[in-house]
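Single-structure report; data block below.
Bear in mind that the values in this text are calculations on the coordinates, not laboratory data. The structure displayed is predicted, hence computed values, not measured ones. Ideal geometry is used to build each Cβ from the backbone, glycine not excepted, and the neighbour counts take in all protein chains shown.
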Amino acid sequence: MNNSRQSQNDLHADNERLARVFYANGRYNPQFLGVTGVGFIAIYLLTLFGIFGQPAPQLIYIGLLTCLLAVLQLLLLRLARRNHGIAANLWGSATVGIFAILLTYFWQGILPIAILVALITPISALQGRFPRR
């Protein structure tokens, strides 16, 4: 019985620690992602008007996808503020992984950057002493 209570306290402490690390590392991510998404959309609009050459529909898709990721990051930060660090890291890894896959699909030559983006959340979770079991 005492072992169960001890492991529950350890899990709660790990959850809080991961929540703090996730929030500290990702506090400004939604703003940066939002500006990046709006930038891609602006570049697409400039290509539509003939200022930057030929329009590429991938730019609008990537811009909207990046703005969607910014909104999802806001929701994940809210989850981390409620001390659900394990859930925030798992959902963060999943959303960034899906973003990297879709980014690679829309923009064929960006595979190395997409792999790096997909590894950011799990690496930060390991630095936050995520239990390795």
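Sorted from largest to smallest, which semi-axis lengths in Å does the alpha carbon gyration tensor of region 2-127 give for its equivalent ellipsoid, taking the root of 5 times each eigenvalue?
On the way: eigenvalues 264, 39, 17 Å².
Equivalent ellipsoid semi-axes, largest first: 36, 14, 9 Å.
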Check: For the pair LEU68 and LEU116, what calculated FRET efficiency results from E = 1/(1 + (r/R0)^6), where r is the Cβ-Cβ distance and R0 = 25 Å, to the nearest 0.05?
Finding: 0.80
Checklist line | R0 of 41 Å, Cβ-Cβ distance VAL38-ARG82: FRET efficiency to nearest 0.05 | finding: 0.90
Check: Peptides 60-69, 22-31: what's the order by average Cβ count within 10 Å, highest mean first?
Finding: 60-69, 22-31
